[in-house]
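**Q** Right, I'll just put the structure down here and ask away after.
The values are calculated or read from the model by the stated rules, or taken from the named source; none is laboratory data. None of the values given here were measured: they were computed from a predicted structure. Because the Cβ atoms are built from the backbone with ideal geometry, glycine has one as well, and the counts that use them run over all protein chains shown. Accessible surface is based on the protein model in full, side chains and every heavy atom, while ligands, DNA and RNA are left aside. Shrake-Rupley method; radii C 1.70, N 1.55, O 1.52, S 1.80 Å.
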Amino acid sequence: MQLKCNGVSLYYKKSGSGPPLLLLHGNGETHELFAEITTKLSRHRTVYAIDSRNHGQSTKNVATSYQAMCDDVAAFIAVLQLEDVTILGFSDGAIIGLLLGLAQQPQLKQLLLLGLNLTPADFKPAVRALLQLEYRQTNDPLIQLMLEEPQIELEQLTTMTIPTLIVAGENDVCEPVFFEQVTAVLPNAQLLVLPGETHSSYIEHTDRLYPNLLPYLR
């Protein structure tokens, strides 16, 4: 389905029943990233798996920033008049979810943020170097986005009281201490570090994370 909001058309796939759960994918991906886990999440929630602007079947060739994508999702929630919303965001989707939380969106009930970063400086040096090389080779604006944004200060998180789960792989793109610092600063957050997992291995086309999410879905 397509929904016009904030000047763009967002493609989304709806399934299940219950309170709304919005799935937000990472950079260069689509809602299909969550295909396997969506089947199980739909047992507990009405799942809206969304393609971000300039991704998948949503509007292309428009300005891209994390704030613009955040505004898109806020408009999506408003147009559909959703309440008690849970956001499950991975990577770029986690940044969007965090920005929604920092904006104190009243419809939000909880945030499940996977593979988050606050600034490009949070990436491990080798990860930043790979992104810089890829951008030099491709001039891809989506890669440029990751090299320039977001710019969220750790101190900004101290006022966000929405219940939040921070999820990271043991071998994520940021050092483990980063996720510990984020969780410590957030007033109402828990941290889940998954042994042996990378940035995306536990969520990309797999339902391995589902048992860990059950307490939050219930």
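**Q** Which ³J(HN,Hα) values in Hz, rounded to whole numbers, follow from the phi angles of region 28-43 under the Karplus curve 6.51 cos²θ - 1.76 cosθ + 1.60, where θ = phi - 60° and Gly and Pro get x?
**A** For region 28-43, the Karplus-derived couplings read x, 10, 9, 4, 5, 3, 9, 3, 6, 6, 4, 4, 7, 4, 5, 5 Hz, x marking Gly and Pro.
**Q** Also, I was wondering about something else. Measuring with a 1.4 Å probe in the full set of protein chains, what accessible area per residue, in whole Å², belongs to region 5-64? Walk me through the numbers before you get to the answer.
**A** Details: 2320 Å² over 60 residues.
Ligands and nucleic acids excluded, the result is 39 Å² per residue.
**Q** Separate question: Just the number please: accessible area per residue for region 78-150, 1.4 Å probe, all protein chains included, in Å². Present the calculation step by step, with values, prior to reporting the outcome.
**A** Values: 3100 Å² over 73 residues.
So region 78-150 comes to 42 Å² accessible per residue, rounded to a whole number.
**Q** A further question on this structure: What are the residues whose amide H is under 5 Å from the amide H of L194, where those residues sit 5 or more places off or on another chain and H is modelled from the backbone?
**A** A168, G169, E170
**Q** Could you give the dipole magnitude of the chain about its Cα centre, charging the beta-carbon of Lys and Arg +1 and that of Asp and Glu -1, in debye to the nearest 20?
**A** About 700 debye.
**Q** Something else about it: Which value in nm describes the separation of the simple spin-label points at Q57 and E153, placed 7 Å from the Cα toward the beta carbon?
**A** 4.3 nm
**Q** Still on this structure, I have one more. Sorted by accessible area with a 1.4 angstrom probe, largest first, how do D71, D84, D122 fall? Intermediate results must be reported in sequence, preceding the final value.
**A** Details: D71 65, D84 90, D122 40 Å².
Largest accessible area first, the list is D84, D71, D122.
**Q** Treat every Asp and Glu Cβ in region 127-218 as -1 and every Lys and Arg Cβ as +1, leave all other atoms uncharged, and give the resulting dipole magnitude about the Cα centre to the nearest 20 debye. List each step's numbers first, then the result.
**A** Numbers: 4 positive and 13 negative charges, 46 e Å.
Roughly 220 debye for region 127-218.
**Q** Tell me, what ³J(HN,Hα) does each residue in region 137-142 have, in order and in whole Hz, if you take phi through Karplus 6.51 cos²θ - 1.76 cosθ + 1.60 with θ = phi - 60° and put x for Gly and Pro?
**A** Going residue by residue, I get 7, 10, 6, 6, x, 6 Hz, with x marking Gly and Pro.
**Q** Check C5: other-chain or 5+ apart residues with amide H under 5 Å from its amide H, H built from backbone geometry?
**A** L10
**Q** While we're looking at this one, here's another question. At a Förster distance of 25 Å, what's the computed FRET efficiency of N171 paired with Q144, Cβ-Cβ distance as r, to 0.05?
**A** Numbers: r = 25 Å, r/R0 = 1.01.
According to the calculation, E is roughly 0.50.
**Q** Oh, and also: Work the Kirkwood hydrodynamic radius out for the chain: mean of 1/r over every pair of different alpha-carbon atoms, inverted, in Å.
**A** Working: mean 1/r = 0.0580 Å⁻¹.
About 17.2 Å for the chain.
**Q** Set the Förster radius R0 to 30 Å, insert the Cβ-Cβ distance between N212 and K124 as r into 1/(1 + (r/R0)^6), and round the FRET efficiency to 0.05.
**A** Working: r = 24 Å, r/R0 = 0.79.
In this case the efficiency is close to 0.80.
**Q** I would also like to ask the following. Leaving out ligands, DNA and RNA, what percent of the accessible area of the chain is carbon and sulfur, probe 1.4 Å?
**A** Result for the chain: 50 percent of the exposed heavy-atom area is carbon or sulfur.
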